[in-house]
Amino acid sequence: MEWSWKRIPAEYLVANVRLCRDGKLADRPGFLHVQKGLVAALGPGAPSREDLPVLDGGGLVCAPGLVDVHVHFREPGQEEKETIATGSRAAAAGGFTAVVTMPNTRPPVDHAPMVRYILDRAQETGLCRVFPTAAISRGQEGETLTEFGDLVKAGAVGFTDDGRPVMHGKLMQFALQYARVLGVPVTCHAEDLTLAGKGVMHAGYWSTKLGLAGLPRLAEDVMVFRDVELARATGGHLHVAHVSTKGTVEIIRRAREQGVHVTAEVTPHHLTLDHSCCRDFSPLYKMSPPLREQEDIEAVTQGLVDGVLDCVATDHAPHTAMEKELMFDQAPFGVVGLETALAVCHTHLVKTGRLDLGQLVEKMSSRAAETYGLPCGRLEEGGEADFLLFDPDEEWTVQPEALRSMSRNTPYGGQKLAGRVKATFLRGRPTYRDGE
Amino acid sequence: MILRSKDLIGLEDLSREEILTILEAAEAFRTIFDRPVRKVPIMRGRTVVNFFVEPSTRTRISFELAEKRLSADIVNFDASNSSLKKGETLRDTAENIQAMKIDMIVVRHSSPGAAAYLGRVLKASVINAGDGAHEHPTQGLLDIMTMRQRLGDLAGRKVTIIGDIAQSRVARSNIYGLTKLGAEVTVCGPPTMVPAAIARLGATVEHDLKRAVADADVLNILRIQLERQSQMVFPGNREYHLMFGVTEEVLRHTKPSCFVMHPGPMNRDVEISSAVADGPRQVILEQVTNGVAVRMAVIYLLSGGDPRQLGGGARAGVREEE
């Protein structure tokens, strides 16, 4: 039967695709059989059912829908930057079918109705699974714990004061103890504010040259060290967000060897860009943690390759064009990342031989989902039909104005990348098609 | 164009030749100051905006005098009651000013990169009058001019800069300009005020004041910002004066010919003792005079002036206002 993008059937086949699952990319063509939003069957060779509509994959890679465990969708409160709808659209365009949202909205996600609001808005949009995290402290003010139990019951998948580090050691300890019983991680945005001071970029050669206040590696390292020790003492699950320094990688490596329950993520920009990008004072390269040095890039890359860092997460942080027109020291921290993440990592990690595509996809899907215990990120029989079609050979140039996110603050504008998401499917239905 | 860029953002961007060209022109303008009428008609009919988003008295007055002595029309933009305070972006404000058809904009801003940004978005020439801790090129030029008046060619000369190097745009502009002319620069200050990476900009780091001044030909003493004490960067003025204050006792460890500079305004008896500030070794007021001449030279050259018109005994271009 003929395939039509206009009317997606409840049951169909995707044929002539290279399946990517369990960290491996098949070298022979295979097929995927979708039935009522689930994967009925998949495997090598040609499908045996001739009565079903067939989408010819044309030799593209068919991978599980990607999972990003660190995004800011800004709703409610800052809808001029992003909404759950536009963020979901950006996610779909990047091949993502699930995201974990950070709680630093306005007001912050610090009580159960806020969690339910986000889930409702995500449901209405229907382009992406949205898993909200909730704040550790009320108002993210670092003083009193939020209602962890009620928040988890409402659907929170973890706790974090992301954007604002938890400076109070005891509060962090209590958070890890509470979260442990509830079976969810506590995520740390590791930054000692007293060491960070008024820093706006990595403390080093370029900050000295440009006269911009520096953010030292130590501000991250000492907080990761503290939180790792708190995780060891409490038995809680610590997830370290956006690792940026070589020191952090070593602290996590040692802790994992010693059996501490620590997981970690690294962003595409910390894997690929260094502090010299700030040389023209462009706030498009201003983020927290900041872009560091080549040796840090090497350390986080090796950490990802070794599995010390579990996954890639974008820290998708939309800001308006006007905010990013401010002077470097006054502009907000953060860059968008959903729509470029896979191509950036494919270009800089797979094309360079550090990872193969199967491994990269695993670190952007199932491994990512596991850090928060999410029920997604795998392509398997009986599982949800969340998948993407990817052309590893297509080259394209990042055009900020073509992004589907409401914001344009990408650090990759004008960069030529290898590998393009051609289509994304959520529960068997397309959420994105290249060129549409 | 004698200078390659339409803007002067920093001494990092200038070649050795460009620096020397500016300094020669500045020397020519300097001669006007000794005449009864200190004004030339070179910039008649041109408009310069002094856009000072960060407060400054001396630098603004120096620029204003330079502009007036070149017969330019001047507008002073006072940021304290400006639309910038009402949420307008720097770009909008600057483009509005430019839309009123101006030739040049002199900008002082607390953010590093502000001058370079305006240089990119505006057609008018931009002169950086200090952007955060980044650069202050006309200060660097006037410092170098003052040193050359005393020392001649600076190749092989030793300049020691003392103070809060981390926060100092003056230090950065001095390092770039001086090293291009072959001078050796040493920076000295408390370790909390001297970032390790400054060595990679071409300066030698020395935390012991007596060693730092021992073979120096010039000491350039920076102003200590007293609010840095609240940031725990240093224990206080008394301690600073004891360890890094330039006093007559410190000068005894220098060569007899070594002289003392300060960009002002001074904290007397903090970074410099009153005895030194008023003593025979200081050239602080010569710096101030040279500042006006350097700024005239920069404005002249950026607006397309030809330095050859200023050269020679006749100084043809530097006619007195009739």
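Here are a few things to note about the model shown:
- At the residue level, B:I224 shows approximately 0 square angstrom of accessible surface with a 1.4 angstrom probe and all protein chains present.
- Where A meets B: accessible area buried, both sides, 1.4 Å probe, Å²: 1600
- Neighbouring partner chain Cβ atoms per residue of B:132-138, average, 10 Å criterion: 3
- Among the protein heavy atoms of segment A:130-207, carbon and sulfur supply 51% of the accessible surface, probe 1.4 Å, non-protein parts ignored.
- Computed with a 1.4 Å probe on the full set of protein chains, the accessible area for B:E184 sits at about 90 Å².
- Reachable lysines, given that their alpha-carbon falls under 29 Å from the alpha-carbon of A:K198 and they are not under 8 places away in the same chain: A:K81, A:K170, A:K209, A:K246, A:K286, A:K324, B:K85, B:K86
- Average beta-carbon neighbours from other chains, 10 Å sphere, peptide A:308-321: 0
- Database remark: amide H of A:T263 closer than 5 angstrom to the amide H of A:L238, A:H239, A:V240 (H placed geometrically; neighbours at sequence offset of 5 or more, or on other chains; Pro and chain starts carry no H).
- Per residue accessible area in Å² of the protein assembly as shown, where ligands, DNA and RNA are left out and the probe is 1.4 Å: 39
- A:L38 long-range amide H proximity, modeled H, under 5 Å: A:A385
- Whole-Å distance, taken between Cα centres, linking segment A:262-325 and segment B:131-151: 37
- Maximal additional length on extending the B:K6-B:S56 stretch stands at 15.6 nm, based on 0.36 nm per residue less the C-alpha distance.
- Computed over neighbours whose Cβ is under 14 Å from that of A:P9, the net charge equals +3, Lys and Arg +1, Asp and Glu -1.
- Net +/- balance of residues flanking A:H111 in space, Cβ distance below 11 Å, scoring K and R +1, D and E -1: -1
- Helical segments meeting 24 Å axial Cα length and Kyte-Doolittle -1.0 threshold in chain B (DSSP H): B:16-32, B:284-302
- Here the label points at A:Q330 and B:E249, each 7 Å from Cα along the C-beta direction, are separated by 4.5 nm in the simple model.
- Between the beta carbons of B:K39 and B:Q225, assuming R0 = 30 Å, the FRET efficiency works out to 0.25 to the nearest 0.05.
- Mean per-residue shielding of peptide B:191-197 is 3, counting Cβ atoms of other chains within 10 Å of each Cβ.
- Each Lys or Arg adds one and each Asp or Glu subtracts one; over the other residues with Cβ under 9 Å from the Cβ of A:Q140, this totals -2.
- Under a 5 Å amide H cut-off, with hydrogens placed 1.01 Å from N, B:Q282 pairs with B:V260 among residues at least 5 apart or on other chains.
- Sulfur and carbon atoms: percent of accessible area, segment A:18-126 [1.4 Å]: 49
- At R0 = 56 Å, FRET efficiency that the Cβ-Cβ distance of A:D434 and B:D306 yields, to 0.05: 0.45
- Cα Rg, Dmax, chain B, angstrom units: 19.5, 57
- If you sort A:D329, A:D315 by accessible surface, 1.4 Å probe, largest first, the order is A:D329, A:D315.
- Between A:D356 and A:E395, the distance separating the two model label sites (each 7 Å from Cα on the Cα→Cβ line) works out to 2.5 nm.
- Pair A:A26, B:A214: separation of 7 Å Cα→Cβ label points (nm): 7.6
- Counting only protein heavy atoms and using a 1.4 Å probe, the accessible area of B:E24 comes to about 130 Å².
The values are calculated or read from the model by the stated rules, or taken from the named source; none is laboratory data. Treat the numbers as computed from the prediction; the structure is a model and nothing was measured. Here Cβ is always computed from backbone atoms with ideal geometry, including for glycine, and neighbour counts include all displayed protein chains. Remember, those area values only see protein heavy atoms, side chains included, never the ligands or the DNA or RNA. Shrake-Rupley method; radii C 1.70, N 1.55, O 1.52, S 1.80 Å.
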